[in-house]
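Structure, as structure tokens:
The values are calculated or read from the model by the stated rules, or taken from the named source; none is laboratory data. Computed from a prediction, not measured in an experiment: that's the story for all the values here. Every residue, glycine among them, receives a Cβ derived from its backbone with ideal geometry; neighbour counts consider all protein chains shown.
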Amino acid sequence: MKPRVVVFYGGDAEHAATSRESGAWMCKHIPKAEYDITPVHVTADGLWSVPLGALPKTGNASRAMDMLAQATPAQNPKEAVHRLLNHPVDSLITALRGRGGDDGAMHSFGDMLHIPVAGSRARTSKLAHNKHFFAHAISDIAPTPFSQIIKKQTDQYEIGTVLRSVFTIPFFVKPVHGMGSHSIIHVRSQEDLERAIQAIHDSQDDSLVQEQKHGDEISVTVYRTKNGALSSLPASIVTPKHSPFFDYNTKQSGHDNLFYHNHDPHESIIHQAQEIARDVYESIGCNGIATVDMLADNGSVDVLELNTIPTFTAGTPIVHQLRHAGMHPEVLLRTLLP
């Protein structure tokens, strides 16, 4: 019997599209001759669709995932776990973002069941998921843009006072937890400022206010090989075509970004970024595949965020990095599999 790999995808509505695309990418490239793959769709309200079978060995993986999800009743997780464990599970992979993904919940779930979960452990995922804690954790390794946390339910007047007295337009406001460029407000005017004050006040999460720095955005993907050696894919210099920064919307579109991998004029700064990415990966205790996003300007590199659950879409750097490296996705995914 082949090892059974379960891939979770979908989840919270704001991340569902990129999660589904990432899940389909993994289901397509995990070698089906060696593994049985069970895709589990998680609905926006947290229900699980757990097929009893596995993906067919041939054919369109994305279409097969959709057909299985439509044919499988969605259950609450307590019931779905029993259905999931009707057959042995050898490994879990999550393409979820936020709840059940980079918040470490799926990794804690696997730990309780003694089932390996691909990627970083729960503690590391939780740390990277909180941008404020993460910035402090790597303060000895690399600088991060100046930021300040504002607790949820803070009085609007106090929010306005902090934003006006501490920060100079332009700056960013974003949720403390989760994907750094999601739900971001780019404050470039007084109108944006008023909108940001209201958004922080209404938010169910703490908010992070962060200075805007300028420079080249660099993404480095770090992973461990099967023998445990630390390695990285070619770094990407990311240039959005229709946005002032690499935001969530541009990450969803493969046509709105330019990815440069010919680094001759930037070789020194790219080398510095790669070294920082490896240091961040090891110091935080990452496993599996992780991407480190940075900003380089005038010879200095600031770390923006660490993604312990990378996104595999046409609009994200990692797919282009693999192509530039001449590495088949299967080779990278094998580093995650038992």
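With the requirement that a residue be among the hydrophobic types (A, V, I, L, M, F, W, C) and more than 16 Å from the chain's Cα centre (by Cα), what does the range 285-306 give you? 295, 296, 301, listed by residue number.
Determine whether the range 326-334 contains at least one residue that is without any contact (Cβ under 8 Å) to a residue 40 or more places away in the chain, basic (Lys, Arg) and farther than 22 Å from residue 129 by Cα. There is no residue in the range 326-334 that is without any contact (Cβ under 8 Å) to a residue 40 or more places away in the chain, basic (Lys, Arg) and farther than 22 Å from residue 129 by Cα.
Based on what the data block shows, is residue 163 surrounded by 16 or more Cβ atoms within 10 Å (Cβ to Cβ), in contact with a Phe, Trp or Tyr (Cβ under 6 Å, 6 or more places away or on another chain) and more than 19 Å from residue 5 (Cβ to Cβ)? Judged against the criteria, residue 163 is not a match. With the requirement that a residue be outside any loop (DSSP other than H, G, I, E, B) and either small (Gly, Ala, Ser) or over 15 Å from the mean Cα position of the chain (by Cα) (or both), what does the range 307-326 give you? Passing the criteria: 320, 321, 322, 323, 324, 325. Residue 126 satisfies every condition listed in (1) modelled with pLDDT of 95 or more; (2) not in a loop (DSSP other than H, G, I, E, B) except (1).
Taking the conditions exactly as written (over 25 Å from the mean Cα position of the chain (by Cα) and surrounded by fewer than 21 Cβ atoms within 10 Å (Cβ to Cβ)), does residue 53 satisfy them or not?
yes
Quick check on my filter: what residues within the range 1-21 are over 14 Å from residue 98 (Cα atoms) and part of a helix (DSSP H, G or I)? 21, the sole residue that qualifies. On the basis of being among the acidic types (Asp, Glu) and either surrounded by 20 or more Cβ atoms within 10 Å (Cβ to Cβ) or in contact (Cβ under 8 Å) with a residue 24 or more places away in the chain (or both), does residue 45 make the cut? The answer is no for residue 45. Contact map, the range 297-320: residues that are over 14 Å from residue 19 (Cα atoms) paired with residues that are of a type in the set (Lys, Arg), Cβ distance under 7 Å, separation 6+ or inter-chain. Pairs shown: 297/213; 302/213; 305/131. Suppose we keep only residues that are among the charged types (D, E, K, R) and touching a Lys or Arg at 6+ places or on another chain (Cβ under 9 Å) within the range 98-109. Which one would you say is modelled with the lowest pLDDT? Among those that are among the charged types (D, E, K, R) and touching a Lys or Arg at 6+ places or on another chain (Cβ under 9 Å), it is 102. Against the conditions (1) in a helix (DSSP H, G or I); (2) of a type outside the set (Asp, Glu); (3) in contact with a Lys or Arg (Cβ under 7 Å, 6 or more places away or on another chain); (4) surrounded by fewer than 20 Cβ atoms within 10 Å (Cβ to Cβ), residue 112 satisfies every one except (3).
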